[in-house]
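Asks: Below: one structure in structure tokens.
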Amino acid sequence: MKPLLLTATLLLPSLAHADSYYLGAGRWTCEALLTANETQDMPKVYQAVGWLLGYWSAETNYRGDVFTDIVEQAGGQAIIVQTLAECRKFPKDTKLYELANSMIGNTG
């Protein structure tokens, strides 16, 4: 078998397993976010806020006008406050991207 074809054949199974990959604070747990907020670790808080607002903003590209209107009317502060409240309800090991997906799925 040719080296390039062999390499491609070996890579295909590993590529099939990855649906997506989250960078940055999206991989943090609710516990990490709540701890950063409670201890006022502002660099971490700002990183999480930036990630969350960017994630919600990106979703306005893929969802209808109703969703976009809700996000626009709620604003960033409401999204962050609600995220913290939801983190307190979810298991501590819930990843922020999982929480955000749940919240986004229940919006609109």
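We did not get these values from a lab; they are worked out from the coordinates using the rules stated. Just so you know, these numbers come straight off a predicted model, no measurement behind them. No Cβ is skipped: glycine too gets one built from the backbone with ideal geometry, and neighbour counts run over all protein chains shown.
Asks: Tell me which of these PRO91 doesn't satisfy, since it passes every other one: (1) assigned to a loop (DSSP other than H, G, I, E, B); (2) without any contact (Cβ under 8 Å) to a residue 40 or more places away in the chain.
Replies: (2)
Asks: Could you check segment 49-80 and list, in sequence order, the residues that are of a type in the set (Val, Ile, Thr) and surrounded by fewer than 12 Cβ atoms within 10 Å (Cβ to Cβ)?
Replies: The one that is of a type in the set (Val, Ile, Thr) and surrounded by fewer than 12 Cβ atoms within 10 Å (Cβ to Cβ): VAL66.
Asks: If I ask for residues that are surrounded by 14 or more Cβ atoms within 10 Å (Cβ to Cβ) and part of a loop (DSSP other than H, G, I, E, B), which ones from segment 17-40 would you list?
Replies: Residues satisfying the conditions are TYR22, TRP28.
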